[in-house]
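First up is the structure itself, then whatever we jot down about it.
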Amino acid sequence: MSLRTIHLPVLCVSLSLAALALAADEAVDFETIDESIDTRKALMEDVGAAAKPVGLMLRGERDYDWTVALESLRTWQDVGGEFGKHFPEGSESGSGTEAAPAIWEDREGFEAALTEWSEATSSAIAAAPATLDEARPVLGAVFNTCKDCHDGYRIETD
């Protein structure tokens, strides 16, 4: 048996194993991208749910309750610390994402918008407004940072 006869099958098996390994890596990357998109959607659903009672308070449709507002602010604070981590390269589309291309084109701007939201949230918590009149400016500042980020970094689907 010649050396070529042995090397050719070994080479074919090696290439096949390498192709399988690459295919497995690609599948993991796609799962990770889908997981990132699903996670950021879930986080924004938490933000939206937390915004509802605060929005009702600001519109005078619900009595002001600092405990409820604080719970919402803490949700926003938790999400703010986590949200930016879920925009890896390759997750610009798919799975019904509403993320705008600007997130990847202007990453510094996106990170700055998240920082502004985090700072506004922390300021509102620190202010601990006792009345609706005290709450309006600090909670309004948080909502404004949400709007600014959505305006620049979210594709409106509705």
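Between W104 and E45, full extension at 0.36 nm per residue minus the direct alpha carbon distance yields a gain of 19.1 nm.
Please give the net charge around A120, taking every other residue with its beta carbon less than 12 angstrom from that of A120, where Lys and Arg add +1 and Asp and Glu add -1. All intermediate terms of the calculation are to be shown ahead of the outcome.
Values: positive: K147; negative: E116, E119, D148.
So the environment of A120 carries a net charge of -2.
The GluC sites (Glu not before Pro) of segment 64-99 that DSSP puts in a loop, and whose beta carbon has at most 13 other beta carbons within 10 Å, are E89.
Spatial offset of segment 32-74 relative to segment 92-158 amounts to 12 Å, using the alpha carbon center of each.
Per residue, the solvent-accessible area of segment 100-145 (1.4 Å probe, heavy atoms of protein chains only, all protein chains present) comes to 50 Å².
The values are calculated or read from the model by the stated rules, or taken from the named source; none is laboratory data. Nothing here was measured: the structure is a model prediction, and the numbers come from that model. In this analysis, Cβ positions are derived from the backbone assuming ideal geometry, glycine residues included, and neighbour counts consider all displayed protein chains. Keep in mind that these areas ignore ligands, DNA and RNA; they rest on the heavy atoms of the full protein, side chains included. Shrake-Rupley method; radii C 1.70, N 1.55, O 1.52, S 1.80 Å.
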